[in-house]
Every structure is written in structure tokens, then in C-alpha cells.
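**Q** Input: one structure, supplied below.
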Amino acid sequence: SQTIHQWPATLVQPVGSPLSLECTVEGTSNPNLYWYRQAAGRGLQLLFYSVGIGQISSEVPQNLSASRPQDRQFILSSKKLLLSDSGFYLCAWKRLDTIYFGEGSWLTVV
Amino acid sequence: EDQVTQSPEALRLQEGESSSLNCSYTVSGLRGLFWYRQDPGKGPEFLFTLYSAGEEKEKERLKATLTKKESFLHITAPKPEDSATYLCAVQAHNQGGKLIFGQGTELSVKP
């Protein structure tokens, strides 16, 4: 069966520090992968999606970037965090028409 | 612009009190409408996909329906364990599978 792993689960980072969130999917090959952010208002905002290695589409201009160095690995990064980057970050993958989410990473920028 | 609006924002029910959650949408070419359940601090859990007007899906106490402009999630005789935030999302054709989410309805079921 397919599973998705996302880490770290929680982190507290100072303003201006770098960020790296990692996501891996098991049990499938060449999945579409997604990074979403969920702020306090509960809505999920799509940040990036990837249809293959090295292929990244950005949905919202911001302080973040994404990379897909391997088929089942998706990384969300920032060189310098802002307070506004705080939130709940969710990695997801698509099987047929359905998108499945990981457990999420809570980021607090202080 | 593709858009999803959910109502109400919050809903408090007594155990056994049936009700419905609404999801109104505008999308250029609907590929599918999705319902998710999200517990506090967790990632959304997939519930249903609906593809065409008139379609219905059921799972335990939940039933999702779809029209050309909205979807309803009916909850029959809810239990406290049904308390969660319910998210609706739409997927358009030729958009790489991207989902556009509503803000969610926070459901609380009291015993």
C-alpha cells in the first residue's frame, strides 16, 4: 500500500533562519506531489506541485521554494524565514483523481 | 476564477441531530468535487469524490450529493466522534490535479 511520510512534525525557527521540510511517498512511482499550507483560517492554499523529477510549478509568489530531487521525494525550502511563513504545511500525492495528505508539519517562526 | 465557499463556518449539534453542510462552487470545467475530514493537528482524510450532478456517495453516517452549483454533506444521527472540520474542494480539468479548497465547516457534536 502507498504511504506518505513528512518530517519534521513540528519546528520552531527564528526569523531569518533557513527551512527544509521533507516528504517521501512509498509504494508508488512517479506520483504527482503537492505542498499545501494551512493558516489559522483553516483553508488550504496550494504552494507548489510537481509532475516529475525536477519539474516544479509555483502557485503563489513567496519566500519559499520546492525541489524534487528524486521520484518520490519532495522538499520545501526557504533561505530566510519570515513571521508570515508560520503555519501548517502539508505534503500530498495524487493517486488516480484523489489527493492524499500526509500528517503535516507545524512551523512556528519566532 | 475557481472558487469554493462552505457554510456554515461552524455547526454545533446534539448527538443524533441530523443536519447538512453546504459547499458552493464555481469552476471552469469540473473534474471532481472532494470531501475531506480533518481532525485537529492532523492532515485531511479523504472521504468522497463526486464527478457529476446527481451523483451520491455514502459512508456510515455521511452522505454526499452533488448538483451543478453545490454539494451537500448530510450527517445522519451524528455521534461525538464525527466532530471535526469538513473540507470541500474542487478539481478542474487540465490543472494537474490541483485542488481548490473551501474554508471548511467545523462540526461539533455534543453527547
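The values are calculated or read from the model by the stated rules, or taken from the named source; none is laboratory data. In this text the structure is predicted, and so the values were computed from the model without any measurement. Here Cβ is always computed from backbone atoms with ideal geometry, including for glycine, and neighbour counts include all displayed protein chains. Side chains are part of the model used for accessible areas, which takes the heavy atoms of the whole protein and leaves out ligands, DNA and RNA. Shrake-Rupley method; radii C 1.70, N 1.55, O 1.52, S 1.80 Å.
**Q** I'd like the interface area for chains B and A: accessible area of each alone minus the complex, both sides summed, 1.4 Å probe, protein heavy atoms only. What is it in Å² to the nearest 100?
**A** Counting protein atoms only, the buried area is about 1800 Å².
**Q** As a test question: what accessible area, to the nearest 10 Å², does A:VAL15 have when a 1.4 Å probe is rolled over all protein chains in place?
**A** 80
**Q** Sort B:TRP35, A:TRP106 from largest to smallest accessible area, using a 1.4 Å probe on the heavy atoms of the protein chains.
**A** Largest to smallest exposure gives the sequence A:TRP106, B:TRP35.
**Q** Once ligands and nucleic acids are excluded and a 1.4 Å probe is used, how much of A:ARG68 is accessible, expressed in Å² to the nearest 10?
**A** Only protein atoms counted, so the area is about 10 Å².
**Q** At a probe size of 1.4 Å, how large is the accessible area of A:ARG72, to the nearest 10 Å²?
**A** We get 110 Å² for A:ARG72.
**Q** How much length is gained on full extension from B:GLU45 to B:LYS57, taking 0.36 nm per residue of separation minus their Cα-Cα distance?
**A** Between B:GLU45 and B:LYS57, full extension yields an extra 2.7 nm.
**Q** Can you find, among A:SER20, A:LEU96, A:VAL110, the residue sitting farthest towards the positive end of the charge dipole of the range A:14-110, where Lys and Arg contribute +1 and Asp and Glu -1 at Cβ?
**A** Result: A:VAL110.
**Q** Based on the Cα coordinates of the protein assembly as shown, what is the per residue volume of their convex hull in Å³?
**A** 121
**Q** Pick from B:GLU60, B:GLU70, B:GLU81: which is most flexible by mean-square fluctuation in a GNM of chain B where alpha carbon atoms under 10 Å apart are linked?
**A** Taking springs between Cα atoms under 10 Å, the residue moving most is B:GLU60.
**Q** Separate question: Using 13 Å as the cut-off for backbone N distance, which residues of the range B:55-76 belong to the label zone defined by a point 7 Å from the Cα of B:SER19 along Cα→Cβ?
**A** Of the residues in the range B:55-76, B:73-76 have backbone N under 13 Å from the label point off B:SER19.
**Q** Within straight cross-link reach of B:LYS59, meaning Cα distance under 23 Å, which lysines are found once same-chain residues fewer than 8 apart are removed?
**A** Straight-line reach from B:LYS59, under 23 Å: A:LYS94, B:LYS42, B:LYS68, B:LYS69, B:LYS79, B:LYS110.
**Q** Still on this structure, please answer the following. Quick one: what are the phi-derived ³J(HN,Hα) couplings along the range A:44-52, Karplus 6.51/-1.76/1.60 with θ = phi - 60°, whole Hz, x for glycine and proline?
**A** 9, 10, 6, 9, 9, 9, 9, 9, x
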